[in-house]
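The values are calculated or read from the model by the stated rules, or taken from the named source; none is laboratory data. All figures in this text were calculated on a predicted structure; none of them were measured in a lab. Here the Cβ positions follow ideal geometry from the backbone for every residue, glycine too, while neighbour counts run over all protein chains shown. SASA here: full protein model, heavy atoms, side chains in, ligands and nucleic acids out. Shrake-Rupley method; radii C 1.70, N 1.55, O 1.52, S 1.80 Å.
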Amino acid sequence: MKHETKEQVKNWLLTIMILTLIGSFVLFFMGHYMAGFLVGGIFMTISTFLAQWSSDKSADYIFRGEYQNNRNKWNNKW
């Protein structure tokens, strides 16, 4: 995926997260507890997905950086 497309997907997911969180609280305060739990579950699912994706992305970035540094270190000695 292109960088712009990834940013758009991330922005849409964050917008949906905010709306589901607000919607969940509104539904709870209006007395629609089952719908509030459902919308809150959607919020938790999206937030867990984004957190795991961000964690994997960070770990991959660190791994690639360390691999590249170690490869260059050993190649420059010879």
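Length gained on full extension, F37 to F63: 5.5 nm, using 0.36 nm per residue less the C-alpha separation.
If you wrap region 1-55 in the convex hull of its Cα atoms and look at it from every side, the mean projected area works out to 3.8 nm². In this view, the solvent-accessible surface of I42, computed with a 1.4 Å probe and all protein chains in place, comes to about 80 Å².
Largest to smallest in accessible area, the residues T15, T45, T20 fall in the order T45, T15, T20 (1.4 Å probe, all protein chains included). Accessible area per residue was computed with a 1.4 Å probe on protein heavy atoms; H3 scores about 130 Å².
Annotation note: trypsin sites (Lys or Arg not before Pro) in region 1-35 located in DSSP loop regions with a Cβ neighbour count of at most 13 within 10 Å are K2. Evaluating 6.51 cos²θ - 1.76 cosθ + 1.60 at θ = phi - 60° for every residue in region 40-54, the Karplus couplings come out as x, x, 5, 4, 5, 5, 5, 5, 5, 4, 5, 5, 5, 5, 5 Hz, glycine and proline recorded as x. Between Q52 and F25, what FRET efficiency follows from the Cβ-Cβ distance if R0 is 30 Å, with the result rounded to 0.05? Efficiency, from the Cβ-Cβ distance: 0.75.
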